[in-house]
Amino acid sequence: MPRGLVLLIVVAAAASTQAAYSDCFLTLNYARDAVSATAWSACSPQYTVDLGIFTKMDCNLYAKSYNAPKCDPVIANYMKCAVKAVGLLKADNTFDDAAFKATTLQNKCSADAKFIAAYPKCMNYTMKYMNVGRLIACLVSAVY
């Protein structure tokens, strides 16, 4: 009997840990990984110099103290390439946020109150240079 009780406790603990993250949070993390992988393979060869400068400037997309005015211009061309590579660049060279929500996020954040509240702020903060990496990082922080 004690073994069964221990197993029940372990299963319950695992279930409560798994339920701690929202679908939106998990989807944003998967999107970050997918966008990064696609962007890296499609864009890094032609923007190696920009990425090297970005790294030497101590710019980290996921740092809380990220200096957007200093760092974003350095990788603006890389980010535009990334947005295009993942199919989020409109014909008029603007970010397709409807496609981002529908395809990249599979509409899994459309009902998340934290996402809805943060999205306009994150867009304004990150899209001057189409920094999709910072957009996702901002949204991840907001829904966590």
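One table, with the values for the structure above:
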read-out: Failed item in (1) under 13 Å from the mean Cα position of the chain (by Cα); (2) closer than 15 Å to ALA39 by Cα, with LYS84 passing the rest; value: (1)
read-out: Residue among ASP33, ASP50 that is surrounded by fewer than 13 Cβ atoms within 10 Å (Cβ to Cβ) and either in a helix (DSSP H, G or I) or acidic (Asp, Glu) (or both); value: ASP33
read-out: Enumeration of residues in region 26-72 that are at pLDDT 95 or above, over 17 Å from SER141 (Cβ atoms) and acidic (Asp, Glu); value: ASP50, ASP72
read-out: Whichever residue in region 55-75 is in contact (Cβ under 8 Å) with a residue 24 or more places away in the chain and crowded, with 16+ Cβ neighbours inside 10 Å and, among such residues, is farthest from CYS24 (Cα to Cα); value: VAL74
read-out: Given (1) part of a loop (DSSP other than H, G, I, E, B); (2) under 17 Å from MET127 (Cβ atoms); (3) of a type in the set (Asp, Glu), index of the condition ASP58 fails; value: (2)
read-out: Considering residues of region 99-114 that are assigned to a helix (DSSP H, G or I) and among the aliphatic types (A, V, I, L, M) only, the residue surrounded by the most Cβ atoms within 10 Å (Cβ to Cβ); value: ALA99
read-out: Single unsatisfied condition, ALA85 versus (1) hydrophobic (A, V, I, L, M, F, W, C); (2) in contact with a helix residue (DSSP H, G or I) (Cβ under 6 Å, 6 or more places away or on another chain); (3) crowded, with 20+ Cβ neighbours inside 10 Å; value: (3)
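The values are calculated or read from the model by the stated rules, or taken from the named source; none is laboratory data. The model shown is predicted, which means the values in this text are computed figures rather than measured ones. Please note: Cβ atoms are built from the backbone with ideal geometry, for glycine as well, and neighbour counts cover all protein chains shown.
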